[in-house]
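Written out below as structure tokens is the structure these notes cover.
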Amino acid sequence: MMRGSSPDQSKSGNEVVMDALSLLHERVSIANLVEPGPTPEQMDALFKAALRAPDHGALRPWRFLVIEGEARQKLGKLFRQVGQQLNPDAPEAFLEKCEKMPLRAPCLVAVVVRYQEHPKVPQQEQLLSAGAAAQNILLAAYAQGLGAIWRTGWVCDEPLLGESMGLAANERLVGFLYIGSRGPITPPLRPLATSDFVSNWS
């Protein structure tokens with residue numbers, strides 16, 4: 001792999017392999033996502049990265065649901081149903097917006113945390129592990145030249161949505177990862193000073 005901030009363009013298509021530190025320093029969330037979506041090979045790389053998340057007790061407290069093609073419309077109808085249940089007087093414009101939400105990317109990955117009873121691994125730690133798995137997917141997407149963004153919001157916290165998607169009683173949605181090719185609008189990388197967030201403790 002190349003050193004520095006330049007990606008290795010030796011691979012064809014959307015597949016781009018970046019230097020590891022450059023990836024960590026430069027990744028940004030990209031909301032402008034277009035076709036084509038990730039290939040099967042790229043998707044496999046995403047989930048291989050997810051499975052390397054920190055995981056105290058080797059509980060594997062996560063699973064992933066891939067939503068592509070017509071399944072996005074089905075999910076949109078669920079979003080609309082949840083929105084209408086929460087607010088029976090919601091205007092049609094709001095409900096239409098809910099229904100179109102999953103269409104903002106060619107591919108969605110629902111990240112699900114699977115809580116398990118363990119004397120040394122509390123639920124918070126399991127949730128953090130699922131979050132780390134989600135972050136690994138975002139990093140692996142960016143490394144391959146894809147765009148991705150992690151979306152949550154009110155819809156993720158509604159039991160009706162989880163039940164409709166087949167989640168068990170011990171599971172909850174961590175969020176949806178929207179993935180696709182990068183559109184023409186890419187957010188600028190805003191520099192942050194590490195000194196603003198880091199100090200020595202004694």
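The values are calculated or read from the model by the stated rules, or taken from the named source; none is laboratory data. If you're wondering where the values come from, they're calculated on a predicted model, not measured in any experiment. Cβ: placed from backbone, ideal geometry, glycine included. Neighbour counts: every protein chain shown. Ligands, DNA and RNA are excluded from the accessible area calculation, which covers all protein heavy atoms including side chains. Shrake-Rupley method; radii C 1.70, N 1.55, O 1.52, S 1.80 Å.
Any residue in the range 132-146 that is in a strand (DSSP E or B) and modelled with pLDDT of 95 or more? If you could, list the steps in order and put the result at the bottom.
Step one: of the range 132-146, the residues in a strand (DSSP E or B) are 146.
Filter once more, keeping what is modelled with pLDDT of 95 or more: 146.
Yes, some residue in the range 132-146 is in a strand (DSSP E or B) and modelled with pLDDT of 95 or more.
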Exercise. L103: out of contact with any strand residue (DSSP E or B) (no Cβ under 9 Å at 6 or more places or on another chain) and closer than 19 Å to I67 by Cβ, yes or no?
Worked result: yes
Problem set entry | Considering residues of the range 9-21 that are open to solvent by less than 80 Å² (accessible area, probe 1.4 Å) and not hydrophobic (A, V, I, L, M, F, W, C) only, the residue modelled with the highest pLDDT | D19
Seminar exercise, completed: Among residues of the range 47-75 being assigned to a helix (DSSP H, G or I) and closer than 12 Å to L108 by Cα, the residue most open to solvent (accessible area, probe 1.4 Å) is Q73
Exercise. Across the range 88-131, what is the total count of residues that are part of a helix (DSSP H, G or I) and more than 30 Å from R182 (Cα to Cα)?
Worked result: 5
Exercise. Can S6 be described as assigned to a helix (DSSP H, G or I), closer than 23 Å to I185 by Cβ, open to solvent by less than 80 Å² (accessible area, probe 1.4 Å) and modelled with pLDDT under 95?
Worked result: no
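Considering only residues that are of a type in the set (A, V, I, L, M, F, W, C) and surrounded by fewer than 20 Cβ atoms within 10 Å (Cβ to Cβ), look in the range 121-146 and name the one that is farthest from the chain's Cα centre (by Cα). Spell out how you get there, then give the answer.
Here is the first cut: in the range 121-146, the residues of a type in the set (A, V, I, L, M, F, W, C) are 121, 127-128, 130, 132-134, 137-141, 143, 146.
Checking which are surrounded by fewer than 20 Cβ atoms within 10 Å (Cβ to Cβ) leaves us with 121, 127-128, 132, 139.
Numbers: V121: 24, L127: 14, L128: 14, A132: 10, L139: 10 Å.
Checked the range 121-146; the qualifying residue farthest from the chain's Cα centre (by Cα) is V121.
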Exercise. Does at least one position in the range 22-45 carry a residue that is assigned to a strand (DSSP E or B), crowded, with 18+ Cβ neighbours inside 10 Å and either at pLDDT 90 or above or within 17 Å of the chain's Cα centre (by Cα) (or both)?
Worked result: yes
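State yes or no: is Q85 part of a helix (DSSP H, G or I) and touching a residue at least 40 places away in the same chain (Cβ under 8 Å)?
Working: part of a helix (DSSP H, G or I): yes; touching a residue at least 40 places away in the same chain (Cβ under 8 Å): yes.
So Q85 fits the description; yes.
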Exercise. Can you name every residue in the range 147-174 that is touching a Phe, Trp or Tyr at 6+ places or on another chain (Cβ under 6 Å), open to solvent by 20 Å² or more (accessible area, probe 1.4 Å) and not in a strand (DSSP E or B)?
Worked result: N170
For this session: Could you check how many residues of the range 78-113 are out of contact with any helix residue (DSSP H, G or I) (no Cβ under 7 Å at 6 or more places or on another chain) and open to solvent by less than 30 Å² (accessible area, probe 1.4 Å)?
Result: 5
Problem set entry | Unmet requirement for Q116, which otherwise passes all of (1) open to solvent by 40 Å² or more (accessible area, probe 1.4 Å); (2) within 22 Å of I30 (Cβ to Cβ) | (2)
Problem set entry | Every pair of residues 6+ apart whose Cβ atoms lie under 9 Å, when the first sits in the range 178-202 and is over 26 Å from G153 (Cα atoms) and part of a loop (DSSP other than H, G, I, E, B) while the second is at pLDDT below 95 and open to solvent by 80 Å² or more (accessible area, probe 1.4 Å) | none
